[in-house]
Amino acid sequence: MSLSESSWRVFWSSNMSKAGVVLLILYLVISVYVVVSYPLDFGTRFWNNPSYWADNPKEAPPEWIAFFTAPSPPRHMVFRLENPSEYTIQRFSYGYSDYPSFISITVSGVTYASRPPTLLFELVRPDGKVVPFYVLSVSRPLPGEQPPYRRHYEAPLRVFVSGDPEAASFVSRFLRNEYGLEIGPEDILRIGVERYLFGEFVEGRLVPLTGDYVLAVTVNRADEGDAVDDVRVVFGGRVYGVLGTDRLGRDLATGLLFGFPISLLVGLVTATLTTAIGSLLGMLSGYIGGKTDTIIQRTCDILNNIPLLPLLIFFTFILRPSIWIIIAILVAFGWSGLAIVVRNIVMQAKTAQFVESAESIGVPRGRILRRYIFPQIAPFLIAQLIFSTPSAILAEAALSFLGLGDPSLPSWGQILEYAFRSGGVNLGLWWWVLPPGALIALLSFTFVMLSMGLEPVVSPRLRRMV
């Protein structure tokens with residue numbers, strides 16, 4: 001049996017090794033999926049763009065909490081009407097004992113020839129009452145503008161109905177006509193437009209009205225060629241997605257997925273470069289000796305006495321925050337400890353008889369280092385590479401938690417930082433805090449398990465104990 005096969009058998013015989021390999025493969029598969037399916041500018045184009053998440057409920061817990069709570073909270077409902085005709089309807093059922101968190105309307109891609117079209121939005125309730133709750137008017141032509149007039153192609157027109165005075169006026173008229181109630185628009189806005197649209201009065205108290213609803217959209221066109229490409233009506237839920245949302249309504253599952261390749265990139269690239277530099281300089285220091293050894297060791301002493309985290313904070317503060325700057329600083333100040341250890345190992349290895357024999361017959365130094373010394377320290381370097389990966393991951397997470405991470409790349413540390421800064425911990429928004437912290441800990445523990453599995457391979461004494 002070859003040495004590599006024997007080492008693999010020792011490594012794979014540990015349950016820690018098996019668990020670590022399975023978790024690492026899982027992390028790698030998710031990272032590849034994210035890199036392939038997500039755009040490279042996801043951070044700047046989507047994650048840090050509040051308008052992209054405007055139609056999501058804010059600080060909503062995950063949908064699966066409905067299995068553990070009673071009554072079930074309202075789900076998020078989005079109705080998209082493409083190229084709506086003169087009269088378009090959308091039927092849906094509402095069976096929740098709570099109201100939607102908000103209502104919004106978004107219109108995009110409007111083209112008209114002379115007079116701008118108007119859109120009337122109505123809600124037909126289960127009790128048969130029809131509530132016209134908003135009339136949306138497209139802006140008129142500008143002086144000197146030539147037809148056809150195009151509106152809201154680049155930036156859709158979004159109306160937050162729950163806080164719109166015009167919608168409150170419609171609801172106020174509905175309450176006066178149907179129930180004889182004089183409730184002003186200001187009071188309706190204070191309580192919520194959505195409560196009156198999805199509620200009924202029972203013994204003088206407003207309660208949710210369940211049953212089958214119909215959303216009706218009427219498009220009033222002045223010319224046959226006028227068109228509206230897309231209409232979207234959102235009834236905001238009290239829960240959202242797999243992992244909920246943050247204060248901006250961002251889907252936390254999406255952000256956490258994007259953090260997988262970021263954390264692996266920082267950890268693996270930093271660990272690989274620090275291991276390569278530290279092992280090379282350590283071998284040169286231990287084998288060549290003399291002035292080379294003195295220069296390298298004094299440099300290691302200086303770097304080992306510089307506190308890394310304050311230095312990271314200083315450089316990322318004065319420079320533009322970038323994931324590559326963080327990696328460069330971690331590599332520049334992270335190789336010295338390994339170089340000292342490798343030097344000591346090489347100083348012992350070079351006294352071996354086969355090394356002295358190779359020197360006596362004139363074998364070049366480079367060949368001796370590559371063929372006779374490096375194989376002796378290779379298992380240790382592999383273990384060191386794996387064991388140093390969590391340190392880089394935690395360093396990046398710490399910087400992001402302090403608000404000094406790369407703003408163009410959402411990471412787990414940044415999600416945690418925004419949760420603490422926005423009061424998510426104080427408000428008990430556990431779905432915002434626990435998942436990123438758990439993913440950071442689990443990824444670090446994955447490499448710790450791999451390192452523990454490699455210990456019997458590196459140390460023959462431990463191998464005999466296993």
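Just to verify a result, which residue in the stretch 104-151, among those that are farther than 23 Å from PRO165 by Cα and aliphatic (A, V, I, L, M), is surrounded by the fewest Cβ atoms within 10 Å (Cβ to Cβ)?
Of the residues in the stretch 104-151, the ones farther than 23 Å from PRO165 by Cα are 109-115, 126-128, 141-151.
Still in the running and aliphatic (A, V, I, L, M): 110, 113, 142.
Numbers: VAL110: 25, ALA113: 13, LEU142: 7.
Among them, the one singled out is LEU142.
Just to be sure before I move on: is GLY241 outside the structural domain of PHE160 (by TED's automatic domain parsing), touching a residue at least 40 places away in the same chain (Cβ under 8 Å) and in contact with an Asp or Glu (Cβ under 7 Å, 6 or more places away or on another chain) in the structure I sent?
Values: outside the structural domain of PHE160 (by TED's automatic domain parsing): yes; touching a residue at least 40 places away in the same chain (Cβ under 8 Å): yes; in contact with an Asp or Glu (Cβ under 7 Å, 6 or more places away or on another chain): yes.
Criteria met by GLY241.
Of the set (1) surrounded by 17 or more Cβ atoms within 10 Å (Cβ to Cβ); (2) out of contact with any Lys or Arg (no Cβ under 7 Å at 6 or more places or on another chain); (3) in contact (Cβ under 8 Å) with a residue 40 or more places away in the chain, all apply to LEU402 but (1).
The rows are residues; the columns are (1) of a type in the set (A, V, I, L, M); (2) modelled with pLDDT of 95 or more; (3) in contact with a Leu (Cβ under 8 Å, 6 or more places away or on another chain).
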site	(1), (2), (3)
VAL219	yes, no, yes
ALA227	yes, no, no
LEU281	yes, no, no
ASP301	no, no, no
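Would it be correct to say that SER101 is exposed (fewer than 13 other Cβ atoms within 10 Å of the Cβ) and either under 30 Å from LEU450 (Cα atoms) or at pLDDT 90 or above (or both)?
Numbers: exposed (fewer than 13 other Cβ atoms within 10 Å of the Cβ): no; either under 30 Å from LEU450 (Cα atoms) or at pLDDT 90 or above (or both): yes.
For SER101, the condition - exposed (fewer than 13 other Cβ atoms within 10 Å of the Cβ) and either under 30 Å from LEU450 (Cα atoms) or at pLDDT 90 or above (or both) - is not met.
Beta carbons closer than 6 Å, at least 6 apart along the sequence or on distinct chains, pair a first residue in the stretch 22-34 that is farther than 17 Å from THR254 by Cα with a second that is in a helix (DSSP H, G or I) for LEU23/THR446; LEU24/THR446. A single entry from PHE201, PHE174 fulfils the requirement of being in contact with a Phe, Trp or Tyr (Cβ under 9 Å, 6 or more places away or on another chain) and either closer than 25 Å to SER139 by Cβ or surrounded by fewer than 18 Cβ atoms within 10 Å (Cβ to Cβ) (or both): PHE201.
In the stretch 306-328, is there at least one residue being crowded, with 17+ Cβ neighbours inside 10 Å and closer than 16 Å to ILE277 by Cα? Yes.
Got a sec? Which of ILE277, ILE262 is touching a Leu at 6+ places or on another chain (Cβ under 6 Å), assigned to a helix (DSSP H, G or I) and assigned by TED's automatic domain parsing to the domain that holds VAL331?
Numbers: ILE277 fails: touching a Leu at 6+ places or on another chain (Cβ under 6 Å).
That would be ILE262, the only listed residue that is touching a Leu at 6+ places or on another chain (Cβ under 6 Å), assigned to a helix (DSSP H, G or I) and assigned by TED's automatic domain parsing to the domain that holds VAL331.
The values are calculated or read from the model by the stated rules, or taken from the named source; none is laboratory data. Bear in mind the structure is a predicted one, so any value in this text is a computation, not a measurement. With ideal geometry, Cβ positions are generated from the backbone for all residues, glycine too; neighbour counts draw on all protein chains shown.
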